[in-house]
Structure formats: C-alpha cells, structure tokens
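The values are calculated or read from the model by the stated rules, or taken from the named source; none is laboratory data. What you see is a predicted model, and the numbers here were worked out from it, not measured in a lab. For neighbour counting, all protein chains shown are included, and Cβ atoms are generated from backbone atoms with ideal geometry for every residue, glycine included. Please note that ligands, DNA and RNA were not included when accessible areas were found on the heavy atoms of the full protein model with its side chains. Shrake-Rupley method; radii C 1.70, N 1.55, O 1.52, S 1.80 Å.
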Amino acid sequence: MNKGSKLAMGIAAISLLLVGCGKATSSTSSKESSAALSGKVTAVGSTALQPLAAKAGSNFTAKNSKVNLTVQGGGSGTGLSQVQAGAVSIGDSDIFAEEKDGIKADKLTDHKVAVVGMAPVVNKDTGIKNLKMAQLKQIFTGKITNWKEVGGKDEKIVIINRAQGSGTRATFENAVLKGTDAVKSQEQDSNGAVQKIVSTTPGAVSYLAFSYFTNKLQAVSIDNVTPTDNNVETNKWKIWSYEHMYTKGTPDKATTAFLKYMDSKTVQDSLVKDMGYISIHDMKVTKDAKGVVTQN
Amino acid sequence: MEQTNFQLKKQDTQSQEWSKRLHHATRATREDWIGRGVSYLCIGVIILVVASMLWFITSKGIATFTQNHVSLWKFLSGTDWSPSQGKIGALPMIVGSFAVTFAAAIVATPFAVGTAIFMTEISPNKGRKFLQPVIELLVGIPSVVYGFIGLAVVVPFMRHLVGGSGFGIISATFVLFVMVLPTITSMTVDSLRAVPRYYKEASLALGATRWQTVSKVILRSATPGILTAVIFGMARAFGEALAVQMVIGNAAVMPKDLISAASTLTSQLTTGIGDTIDGTLPNNALWSLALILLLMSLFFNALVRVIAKRGQLKHER
C-alpha cells in the first residue's frame, strides 16, 4: 500500500464521517424543527426532589442541547421564596405553597411531579417493628420516653427531628401530631444525616423518605400498615406528600417544555420509580393543601 | 557668527527637548502611578465589600426588632426557640456557643502551650522538623472532615464513656479542641520565639534552672502573645459551624449538662436557613443570630488589639 492510497482512504473515511454527522444533525433538526427550544431554566429548592429533578434535567438537556438547565438544592423555603421573587423559573418544594407563611400561593402555579412516602424509622436494637398511631404521637410529644412502654427493649428513646420548617417534618407532623407541638429535641438538616444517625445511635427514632431506607435501620409499620408504595397510592399509608414544582406567572417555552417532560410517561414510568419516588400517575387519591384526601 | 547662531539654536532645541522630557513623567513614575492606582482600587473594593456586608447583616439582623417588634431583651434572654410559632428566645444558642468555645479553649490551651514550649525550648530541631508539619497539616484539614470523624468516632466513644446519645457539648468540645489546637499552638510558638534572647540568658546566668527560666521568665513575658493566641482560637471555635453541627445534636434547649444535645448559633443558622422565607420572622430571627456572631467576632478582634497594645508597652518598659 503506498502513501497515496492511504491518504485517499483517510480522506474517504473522514468524508464518510462528515456525511454521517451531517445526516444525523439534519434528521434531528427536521424532527424538532417545530420547537427549536432554547433558553435558561433554573430549578431551586427541595433537597428531597433535587436528585430526581437533576437526573430528569440532564436527560432533558441531552435532547434539547440549547436549553441551559440548572438544578440546585437549598431547601423548600428557598425554592418558594426564590420563585416568588422571580429569581428562578422553578421553585421545588415538598409542601404546598399555602402551608408556608410569607408565600402568596395564589400568585404561583403548582405542578405536582412526584409523590414521596415517609415513614418512622428506628434503630434496629429497639426491637420495634410496628407502632400504633397514638403511640407514635406520644413518642414525638415526649409522653413516652422508653421503648419498653411500647413493647420494645428497656432503652431511652432518642428523638431526632428534622429542622423546623423542613418539608419532611411538616408532612410528618401534619399526619402524626395533627397540630400538637413536638417535644424539643435534636434537629438535623438533611435526610442523609438522619439516616446515618438513626442507624448508629441506640434508641434513636426519626422519619425518612422511603428512598432513604437501608437495611441498617428499621422502618416502622403504623397500625400494621407497612410503608410501601402501594399503600401510599391508596392512602392506606397516611404519611406522604407531593413534590411540587412551582412557577410564577406565565413560564417561558423552555420551562413549560421541561414541566411537560417531567409529567411525561418517560419520566413518570421509569425515572421516578427507579429513583425511589412514586409516580403521580399511579395515585388513586388526591390530597389538597388542607390535607383533605379525595378518591380519584 | 552664523555658525554660533546655529549652535545656539541647536542647543536651544536640545534643551527644549530635555525640559520636555524632564517635565513629563518617566516610565518609572508612570509605573508607580499604576501600581498605586491598582492597590487603591483593591483596597477600595475590599472596604466596599466589608462595609456592605456589615450593613447587610446589621439591617437584616435588626429587622426582627424593628419590623417584627420583638423586644431585644426577650430575644437575648428567652429560652424558647420556635421561630415558626413566633417564639424566638436565643439564649440556648448563645449559651451553647459560649460553652463550647470556652470549654474548647480551656482544654486546648495547656496542650498548645506544652507543645509550643517543647518546640521552642526543649527540642527546637525536632519541633521544626516533625511537629511543625503536623500542626500545619491539622490546620489544612477541612472542617467537614473533622465533623465526619466526630460523628463516626467521637460521638460513639462519648456514648460508651458517659452514656446518653453521645451528641452534646462534650463531643463538640472534643472536636473543637482538635480544631483550635493548631491555631493556638502556632501562635504561641511565635510569641515564645519573640521573647528576647537576653531574658533567657540573664535568667540562666543568675542560676535559675531551665524549668524556672521557662515558667517564670519566658512564659511570663510571652503572656500577652499567648492570650492573643487563645482568643484567636476561641474566635475560630465560636464561628465554626459544620463540624459542631454534626456532633452537638442541634436541640434548641438550654444545655442542662455536657452530655445532652444542645445547639450553637452557627448550628441553628446552617440547619434553619434553607427552610425559611425571606422577610418572615423565622428568617429575620436567623439574621439576628448572624448579627450576634458578627458582633462577637468584632469583640474578639478588639480584645486581641487591646492585649497586643498592653503587651507592647510592657516590653518597652
């Protein structure tokens, strides 16, 4: 083989590649020519929703390369106040905007993108697997202080709360305490910290989203109802909340497209379930901001 | 005649050119101006940043009292911290912060002074070769790592040792002790090295033993420097957020003992700030906590200056 033929082959290969590329781009552009989506979308807020939003966001930008999409945490409160101020396009929240002081809910539009179930969790050595709702309430209000009072080991109860204003705490307290104040105790600012501390501290009790369960800690059934996705879908398991994406006014095209993508079958039927959330499409009940549940 | 005229003319133009050159800035002068301009600009920016931060934190921090009409005394002396229900008594956090700060300083100071004496008086060579790098390493470890070690090692250890959940002031003290130790040690070393050589020589010549020299002369004359070191360490402990937050348990209650969960100003700030809404009482209350932190660090700085000034005077006499 001489130099010339090598060169010719190289050129042929490169031109083939170029042609291939050209074809690929032309075909995609013709497919999506109706919406040459571009723009900047920023979603800020809930750390519980953040992993899902980030994964869905990166899948979305893979298809719409001109959209610049950023997902950040910061907490539900941050998400709601930032979207209310118009600083971000989407505010992620674990709780209804109506439940938060200082947020004008009627100015915001709610997009429910997933459901998260939460359950009480205890350290394994307590020997507790099931509690009555009334017992759970007495534990978190400080009336019961030893595990032997509810059929467990003789061990002091160590309550670990989430920080005041956390969406997970608000959901848990709405469902379990129903208006009474929790006893003052340890507060941790993330699901991860709670998971670590409950699994290592003897006598510890807290509450976690289903996706944070591990075999190092014990998820507790309430009144013999086990914390499973199916029980949440029928509201047999009462401690759950929506994951909201709030927008203000009329969102731009890119934001609308992303919200539509979040609600699409691609995300709801695979990604949402894979990441430990419950699909909004599977819910057989609806809950409003006041906590009233109706059958679909 | 004509020739001299021509020469004069030539000289004239030459001198004109010289005067032109002399009256204009040289390259060196221009460089000087640029240098000065750049450094003034930098100073200006820094002053602007500091001033606007002070203004921002202060204006946000006093909103609790001006907008939400909480009385300052109630804020400082109240013991019930439930911002979402409008109760903001910050005393538990203030007490918690001071408790861990003083406890850490008290535990760390003897170790730091001992290490510093070893490094300067007993074995300067080993000190420079071995201890110096170790201490510098301790400074460089990020606080989240200290916190994580605290959570994984110190908390279970304290649980076995003293009972309870292991979270509390005692664990926070232990973690902070390791964190402030290098600060106090290295500054103490500096102040021991600054003691004039003839102090030591005079003392030894008078027949004092090494121990007497160290304890009665060197430590005595380095006291202002050591105090400064301790206060710097305390300032660091007071402002540390992450590591403390991971081991203290963050319960906004008055600390009853050293082994039950408590909280500090910083730990409340980091756990609470993401879940509050701008302009509401819970958010403003957190800014007020930040204001207390700021005022305290200003106080520590002022204290350091006072001590340094007094120390200087002593040496001059």
Next item on the list: Would you work out the charge dipole size for region A:117-233 about its Cα centre, treating the Cβ of every Lys and Arg as +1 and the Cβ of every Asp and Glu as -1, and quote it to the nearest 20 debye?
Entry: 220 debye
Note to self: Can you give me the angle between helix A:253-263 and the longest principal axis of chain A, using Cα atoms only, in degrees from 0 to 90, rounded to the nearest 10?
What the structure shows: 60 degrees
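Relative contact order for region B:72-316: what percent, with Cα pairs under 8 Å and sequence separation of 6 or more? Write down the numbers at each step before the final one.
Working: 350 pairs, mean separation 67.3, N = 245.
Averaging sequence separation for qualifying contacts and normalising by length gives 27 percent for region B:72-316.
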Check: Roughly how crowded by other chains is peptide B:145-153, in terms of the mean Cβ count from those chains within 10 Å of each of its Cβ atoms?
Finding: 1
Checklist line | Under-5 Å amide H pairs with residue A:163, H placed in peptide plane, nonlocal only | finding: A:188
Check: Which three lengths, in whole Å and largest first, does chain B cover when its Cα atoms are put on their principal axes?
Finding: 112, 68, 38
Checklist line | Label-reachable residues, region B:220-241, where backbone N falls under 20 Å from a point 7 Å from residue B:145's Cα toward its Cβ | finding: B:236-237, B:240-241
Note to self: Among B:73, A:133, A:144, whose Cα projects farthest towards the positive end of the dipole of the protein assembly as shown, with charges put on the beta-carbon of Lys, Arg (+1) and Asp, Glu (-1)?
What the structure shows: B:73
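In debye, nearest 20, what is the charge dipole magnitude of the protein assembly as shown about its Cα centre with +1 on Lys and Arg Cβ and -1 on Asp and Glu Cβ, if you could check?
Working: 63 positive and 41 negative charges, 288 e Å.
Computed about the Cα centre, the dipole is about 1380 debye.
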Notebook entry, point to check: Quick one: helix A:191-200 against the long Cα principal axis of chain A, what's the angle to the nearest 10°, folded into 0 to 90?
Noted result: 50 degrees
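How about region B:255-316: which trypsin sites (Lys or Arg not before Pro) there are in a DSSP loop, with at most 11 other Cβ atoms within 10 Å of their Cβ? Walk me through the intermediate numbers first.
Values: sites: B:256, B:305, B:309, B:310, B:314; in loops: B:256.
Taking region B:255-316 and a limit of 11 other Cβ atoms within 10 Å, the loop trypsin sites (Lys or Arg not before Pro) found are B:256.
Quick check: net charge around residue B:26, other residues with Cβ under 14 Å of its Cβ, Lys/Arg +1 and Asp/Glu -1?
Values: positive: B:20, B:21, B:27, B:30; negative: B:31, B:32.
Charge balance in the 14 Å sphere: +2.
On average, how much accessible surface per residue is there in the protein assembly as shown, in Å², for a 1.4 Å probe, leaving out ligands, DNA and RNA? Display every interim value, and only then the final one.
Working: 32240 Å² over 613 residues.
Computed with neighbouring chains in place, this is 53 Å² per residue.
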Notebook entry, point to check: What part of the accessible area of the protein assembly as shown, given as a whole %, is carbon or sulfur when the probe is 1.4 angstrom?
Noted result: 62 percent
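Given only helices, namely DSSP H runs of n ≥ 4 each adding -39500 (n - 2.57), what is the per-residue ellipticity at 222 nm of chain B, to the nearest 500 deg cm²/dmol? List each step's numbers first, then the result.
Details: 14 runs with 220 residues, N = 317.
One gets -23000 deg cm²/dmol as the mean residue ellipticity at 222 nm.
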Checklist line | Contour minus Cα-Cα distance for residue A:236 and residue A:181 (0.36 nm per residue) | finding: 17.3 nm
Note to self: Going by Cα centres, region B:62-127 and region A:177-251 are how many Å apart?
What the structure shows: 33 Å
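Just check region B:18-177 against the gyration tensor rule for me: Cα atoms, a ≥ b ≥ c as the square roots of the eigenvalues, rounded for a/c under 1.5, and otherwise prolate or oblate depending on whether a/b exceeds b/c. Don't skip to the end; give the middle numbers.
On the way: a/c = 3.50, a/b = 1.34, b/c = 2.62.
Verdict is oblate for region B:18-177.
Using the Cβ atoms and a cut-off under 13 Å, what net charge is assigned to the surroundings of residue B:303, where Lys and Arg are +1 and Asp and Glu are -1?
Numbers: positive: B:305, B:309, B:310; negative: none.
Net of charged neighbours comes to +3.
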Next item on the list: Using R₀ = 25 Å, calculate the FRET efficiency as 1/(1 + (r/R₀)^6) where r is the Cβ-Cβ separation of residue A:70 and residue A:264; round to 0.05.
Entry: 0.75
Next item on the list: Mind telling me which of B:245, B:67, B:14 comes out most flexible in a GNM of chain B, alpha-carbon contacts under 10 Å?
Entry: B:14
Next item on the list: Kindly identify region A:117-233 as rounded, prolate or oblate by the Cα gyration tensor criterion: order the square roots of the eigenvalues as a ≥ b ≥ c, call it rounded if a/c is under 1.5, otherwise compare a/b with b/c, prolate if a/b is larger, else oblate.
Entry: rounded
Next item on the list: Would you mind computing, in nm to one decimal, how far apart the modelled labels at residue A:62 and residue A:224 are, each placed 7 Å from Cα along Cα→Cβ?
Entry: 4.6 nm
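Considering every residue in A:179-188, what mean count of other chain Cβ atoms within 10 Å of its Cβ is obtained? Each step should come with its number before you reach the end.
Working: counts 0, 0, 2, 1, 2, 9, 8, 13, 11, 6.
Counting Cβ atoms of other protein chains within 10 Å of each residue's Cβ and averaging gives 5.
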Note to self: How tilted is helix B:91-117 with respect to the longest principal axis of chain B? Cα atoms for both, answer in degrees (0 to 90, nearest 10).
What the structure shows: 70 degrees
Notebook entry, point to check: For region B:39-115, what does the alpha-carbon gyration tensor say about shape, rounded, prolate or oblate, given a ≥ b ≥ c as the root eigenvalues, a/c under 1.5 as rounded, and a/b over b/c as prolate?
Noted result: oblate
Checklist line | Dipole of chain A, positive direction: furthest Cα of A:205, A:44, A:116, with charges on the beta-carbon | finding: A:44
Item checked: Simple label model, 7 Å out from Cα along Cβ direction - residue B:205 to residue B:59, nm -> 6.3 nm
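For the protein assembly as shown, compute Rg over Rh where Rg is the Cα radius of gyration and Rh is the Kirkwood radius from the inverse mean 1/r over Cα pairs. Numbers along the way, then the final one.
Values: Rg = 33.1 Å, Rh = 29.3 Å.
Here Rg/Rh amounts to 1.13.
What net charge is computed for the residues neighbouring residue B:138, neighbours being all others with C-beta under 15 Å from the C-beta of residue B:138, Lys and Arg scored +1, Asp and Glu -1?
Details: positive: B:236; negative: B:136, B:240.
Result for the neighbourhood of residue B:138: -1.
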Notebook entry, point to check: Put a dot 7 Å past each Cα toward the Cβ at residue B:125 and residue B:98; how far apart are the dots in nm?
Noted result: 4.9 nm
